[in-house]
Amino acid sequence: MIKRSSKAKYVVYALGILILTLGISFTIQSNLGTSPFDALLVGLSKNVGLTVGSWEIIIAFILIGCNSLLKRQRPEVLGLLTAFITGIGIDLWLFLFHKLITPELLFSKLICFGVGLVVIGLGTAIYLLSNFAPIPIDRLTVIIQELTKTSILFSRTFIYIVFLLMALIFNEPIGIGTLLTVCLGGLILNFFMPFTEKVLDRILTNLTSPKYDTEKNHSI
């Protein structure tokens, strides 16, 4: 995890959330099906009402309770803040993309979805490395990894399968993108976690090194 400074942690956190919500919006706009969790949000939005972002916050509140029971500790209320920011981010990106990105051909839909899936993995890896208030579903991923002593790939895929079953039970929109996310989502995140950590650590090391500070002072 990134442990350089508070400012760096918050910058990494904000950047990760921004990229994550961008990726989620791309997958939604592709109309090929989103991750099982996002499919549940979209389905609830269409069938019950409220926005996709609003359901992100509501489901997050439930998951915080589940995570608290699994870890046998106080609920991580800050996770609700992240869910709130993520919900707003998703709604804002969808508002911007409503008419701007509307792929109609299968090829363009696949490109839109593929970009979104990769961007989601990158954004999730970045903000998780900040070690600050993870979204409850991502916190659940880490908890399952710790409890089962397995990899991010296993825990993420397990969660995706559980939410896929829930989405099927509640007759939520499932597409080829949903199945691709179940198969590849955990794999992509597992790839980006160590890669992103190395890159961010190198960048932050250079920015906080005495050499950088000296050069900065000389340039003033």
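Residues of the stretch 151-185 being of a type in the set (S, T, N, Q) and more than 29 Å from LEU15 (Cβ to Cβ), which ones? Listed by number, the list holds a single entry, ASN171.
Looking across GLY53, GLY49, one residue alone is under 14 Å from the mean Cα position of the chain (by Cα) and over 17 Å from ILE159 (Cβ atoms). It is GLY53. A count restricted to the stretch 134-150 and to residues that are loosely packed, with under 15 Cβ neighbours inside 10 Å and within 20 Å of VAL12 (Cβ to Cβ) stands at 0. Scanning the stretch 44-68 for residues that are over 23 Å from VAL115 (Cβ atoms) and assigned to a helix (DSSP H, G or I) yields a total of 17.
Hey, among the residues in the stretch 86-133 that are among the hydroxyl-bearing types (Ser, Thr, Tyr) and open to solvent by less than 20 Å² (accessible area, probe 1.4 Å), which one's nearest to LEU153 (Cα to Cα)? Per the stated criteria, the residue is THR124. Of all residues in the stretch 26-40, those satisfying the criterion of being assigned to a helix (DSSP H, G or I) and modelled with pLDDT under 80 are PRO36, PHE37, ASP38, ALA39, LEU40. Pairs meeting the criteria (first residue in the stretch 120-137 and among the charged types (D, E, K, R), second residue assigned to a helix (DSSP H, G or I), beta carbons under 7 Å, at least 6 apart or on different chains) are lacking.
The values are calculated or read from the model by the stated rules, or taken from the named source; none is laboratory data. Given the structure is predicted, the values throughout are model-derived calculations rather than measurements. Every residue, glycine among them, receives a Cβ derived from its backbone with ideal geometry; neighbour counts consider all protein chains shown. With ligands, DNA and RNA removed, areas are computed over all heavy atoms of the protein, side chains included. Shrake-Rupley method; radii C 1.70, N 1.55, O 1.52, S 1.80 Å.
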